[in-house]
1. When you go through (1) surrounded by fewer than 23 Cβ atoms within 10 Å (Cβ to Cβ); (2) closer than 21 Å to Ala220 by Cα one by one for Met85, which number turns out not to apply?
2. Quick check on region 266-284. Is at least one of its residues among the charged types (D, E, K, R) and closer than 14 Å to Ser83 by Cβ?
3. Given the condition within 16 Å of the ligand (Cβ to nearest atom) and over 18 Å from the mean Cα position of the chain (by Cα), answer yes or no: does some residue in region 252-272 qualify?
4. Taking only pairs six or more apart or across chains, which ones have beta-carbon atoms under 6 Å, a first residue in region 120-149 that is in contact (Cβ under 8 Å) with a residue 12 or more places away in the chain and surrounded by 12 or more Cβ atoms within 10 Å (Cβ to Cβ), and a second residue that is among the β-branched types (Val, Ile, Thr) and part of a loop (DSSP other than H, G, I, E, B)?
5. Quick one: which helices (runs of 4 or more DSSP H) sit completely within region 203-273 and have at least 1 residues that are of a type in the set (S, T, N, Q) and in contact (Cβ under 8 Å) with a residue 24 or more places away in the chain?
6. Filter region 69-123 down to residues that are farther than 20 Å from Thr234 by Cβ, among the acidic types (Asp, Glu) and in a loop (DSSP other than H, G, I, E, B), then give me how many there are.
7. I'm checking my understanding of the structure. Among residues of region 1-19 that are more than 15 Å from the chain's Cα centre (by Cα) and at pLDDT 85 or above, which one is surrounded by the fewest Cβ atoms within 10 Å (Cβ to Cβ)?
8. Specify which of the listed residues (Thr92, Thr19) is more than 16 Å from the ligand (Cβ to nearest atom) and farther than 20 Å from Ala188 by Cα.
Amino acid sequence: MHRIAIHGGAGALRQDLMTPEIEKLFTETLLQSLTTGNDVLAAGGSSVEAVEKAVIVMEDSPIFNAGRGSNFTNQGRIEMDASIMDGSDLRTGAVACVSEVKNPISLSRLIMDDGRQVLLAGEGARSFAVKKGLELRDFDYFFTHHRWDAMRRSINKREVELSEDIVPLHVESVSVFDKKYGTVGAVALDQQGNLAAGTSTGGITAKAAGRAGDSSLIGAGTYANNKTCAVSGTGHGEYFIRATVAHEISALVEHAGMSLQDAANKVIQENLAGLGGQGGVIAIDRNGNISISFNTKGMYRGSMGSDSETFVKMYKD
Ligand code: ASP
């Protein structure tokens, strides 16, 4: 048996502003990501490979806040965070504040496979990518008008945090709407029974230069352990770090004997919300059960696998 779940960020999706074209665009990209990851798993590939490939599809799309569609810092730069973890042996790799790298999730995987470091940041992460032959892109590739405008608006409002505003987003003349949380992530169970998780983001709109978020930190935005579960999160990173969201969910399953859904709900609806944080997680256990919890109005999410129904959703049920 195998299964994958993905997310494309959590936030205040305004159902009243959604059009069929916008919904189609998000639905198709999420389905493409799921199919890509599921094909790896169906062919007997590893959960790590499936997670990486599924995340790449979303990094390459300008509609999500990761890779190509990344948010800008308050200095107008692209600084991306990502991480990946193999639940079979707790190996992991992560990057923080990296520029120019087309697929930060692949860089995370190369850092994990190299094994000497766990987390590389900034220029050091970029040179590691160059050494490993990863594709780089210039600023124009990452430039999207909707993220640039969102950054300007945020600075003008002197607001560097997430809000409930809708940000108009124009993708190839299709007018769509997005919220400031658009991080992407995937969790998977492969046919060998191994779990993996991965997360990738441009971070929060108009974040401070050099600010690293939860998506670069194992235990906060990403965690995987075959004994318990694999988790990927999205939301206000500072709160995810303080609540060590991803590892806390795993710890509650392992030490408190909670079901994965109860653990995810407790950490998101009580611990994270109790600190004032917003966001959500997708998680999978070693039996392929998917648990999703979020305290925002919506979350782009979906799942596909053997013996399970494929779904893509955006709003609360
Ligand atoms: N968690 C990400 C961060 O704080 C943002 C997001 O999920 O959209 O960098």
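The values are calculated or read from the model by the stated rules, or taken from the named source; none is laboratory data. Everything quoted here is computed from the prediction, not taken from an experiment. In this analysis, Cβ positions are derived from the backbone assuming ideal geometry, glycine residues included, and neighbour counts consider all displayed protein chains.
1. So the condition that Met85 fails would be (1).
2. Taking every residue of region 266-284 in turn, none turns out to be among the charged types (D, E, K, R) and closer than 14 Å to Ser83 by Cβ.
3. Within region 252-272 (the criterion being within 16 Å of the ligand (Cβ to nearest atom) and over 18 Å from the mean Cα position of the chain (by Cα)), the answer is yes, since at least one residue qualifies.
4. Phe142/Ile78
5. Output list reads 245-255, 260-265.
6. Counting residues in region 69-123 that are farther than 20 Å from Thr234 by Cβ, among the acidic types (Asp, Glu) and in a loop (DSSP other than H, G, I, E, B) gives 2.
7. Met1
8. Thr19
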